[in-house]
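Student: Here you go, one structure.
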Amino acid sequence: MSETVKRKIIVGVTGASGAIYALHTIRTLLQHEVEVHLIVSDYGAYVMESETGFSLKGSNLVDAFAERFTGASFTGEILRYSNKDLAASVSSGSFRTDGMVIVPCSMKTLAGIAQGIAGSLIERSADVALKEGRRLVLVPRETPLNKIHLKNLLAAADAGAHIVPAMPAYYQKPKSISDLADFMAGRILALFNIDAKLFEPWQK
């Protein structure tokens, strides 16, 4: 009997506000036996620690998530890459994954993806996802949006990306910021056919 192959999903974290969405998305992937290939920009790490107090400086990130989310059971794993390492395995289309999510996605990273610049590993990995026809989910977090932002979002969508703005809903009657982050994580992961059951679906 062959062993079950773990799903592999690339997670990019950039310097836009909304690091809590990244934490809840990664936590849920780990709970669903996903092999997370994590790329965090320098400013993404800075914003994450500034907004949430979560540091990526430890050697065992799964343990760090277990400490952050007490009581959660993790069956997945994390492999981390430098955003400057354009020779990393995830930079090649021959390295097969189930796709990529960038959460949150800064306007700078969006511009790089929309224009095909691929100047960082996050941008290159997104470019690979598009050229290989794999799932690419972008979670932009900026307001207000100017015309350049809107044109770049349209260009990314036209190239095949799924645009999931960081706009949590309120029909599930959230009681905390954590509930809002869970809503976004649930919506993101639904695009990878992961039913995380993080919120009650809309019912009339």
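Values in this text are rule-based calculations from the coordinates and carry no lab data. This structure is a prediction, so every number in the text was calculated from the model and none was measured. Every residue, glycine among them, receives a Cβ derived from its backbone with ideal geometry; neighbour counts consider all protein chains shown.
Student: Distance between Cα centroids, the range 81-159 to the range 40-61: provide it in whole Å.
Tutor: 20
Student: Same structure, new question: How large is ³J(HN,Hα) for each residue in the range 15-24, as worked out from phi by the Karplus curve 6.51 cos²θ - 1.76 cosθ + 1.60 (θ = phi - 60°), to whole Hz, x for Gly and Pro?
Tutor: x, 6, 5, x, 4, 4, 5, 5, 4, 6
Student: Another question, then. Taking amide H positions as placed 1.01 Å from N in the peptide plane, with prolines and chain starts having none, which residues 5 or more places from Arg80, or on another chain, fall under 5 Å of its amide H?
Tutor: Here the answer is Leu38, since their amide H atoms fall under 5 Å of that of Arg80.
Student: What residue among Ser73, Ser106, Ser41 has the largest mean-square fluctuation in a Gaussian network model of the chain, using Cα springs under 10 Å?
Tutor: In the Gaussian network model the winner is Ser73.
Student: Could you tell me which of rounded, prolate or oblate describes the range 130-183, using a ≥ b ≥ c as the square roots of the eigenvalues of the alpha-carbon gyration tensor, with rounded for a/c under 1.5 and, failing that, prolate when a/b is larger than b/c and oblate otherwise?
Tutor: Verdict is oblate for the range 130-183.
Student: Also: Among Ile26, Val13, Thr109, pick out the residue whose Cα is farthest towards the positive end of the charge dipole of the chain, where Lys and Arg carry +1 and Asp and Glu carry -1 on C-beta, about the Cα centre.
Tutor: Working it through, the farthest residue towards the positive pole turns out to be Thr109.
Student: For Cys105, which sequence-distant residues (separation of 5 or more, or a different chain) have an amide H within less than 5 Å of its own amide H, given hydrogens modelled in the peptide plane?
Tutor: Here the answer is Val139, Arg141, since their amide H atoms fall under 5 Å of that of Cys105.
Student: Loop-only chymotrypsin sites (Phe, Trp or Tyr not before Pro) in the range 125-197, please: DSSP not H, G, I, E or B, and at most 15 other Cβ atoms within 10 Å.
Tutor: Sparse-neighbourhood loop chymotrypsin sites (Phe, Trp or Tyr not before Pro): Tyr170, Tyr171.
Student: Return the aspartates and glutamates within reach of Lys84: Cα separation strictly under 14 angstrom, same-chain partners fewer than 8 residues apart disregarded; answer none if there are no such residues.
Tutor: Result set, ordered by chain and number: Asp42, Glu123.
Student: Run the dipole for the range 7-190 about the Cα centre, Lys and Arg Cβ at +1, Asp and Glu Cβ at -1, nothing else charged, and hand back the magnitude in debye, nearest 20.
Tutor: For this selection, approximately 360 debye.
Student: Give me the net charge of Gly112's neighbourhood, meaning all other residues with Cβ under 12 Å from the Cβ of Gly112; Lys, Arg count +1, Asp, Glu -1.
Tutor: 0
Student: Excluding Met167 itself, calculate the net charge of residues whose Cβ lies under 15 Å from the Cβ of Met167, where each Lys or Arg counts +1 and each Asp or Glu counts -1.
Tutor: -1
Student: Please state the Cα pair-distance histogram of the chain with 5 angstrom bins from zero: what percent is in each bin?
Tutor: 1, 8, 16, 21, 22, 17, 10, 4, 1, 0, 0
Student: Work through the residues other than Ala190 whose Cβ is under 15 Å from its Cβ and net out their charges, Lys, Arg +1 and Asp, Glu -1.
Tutor: Value of the local net charge: 0.
Student: Over the chain, with a Gaussian network built from C-alpha contacts below 10 Å, which listed residue (Leu121, Leu150, Leu86) shows the highest mean-square fluctuation?
Tutor: Its mean-square fluctuation being the largest, the pick is Leu150.
Student: While we're on this one: Cross-link partners among aspartates and glutamates for Lys197, C-alpha distance below 16 Å, same-chain residues fewer than 8 apart left out?
Tutor: Candidates past the 8-residue exclusion: Glu33, Asp179, Asp182.
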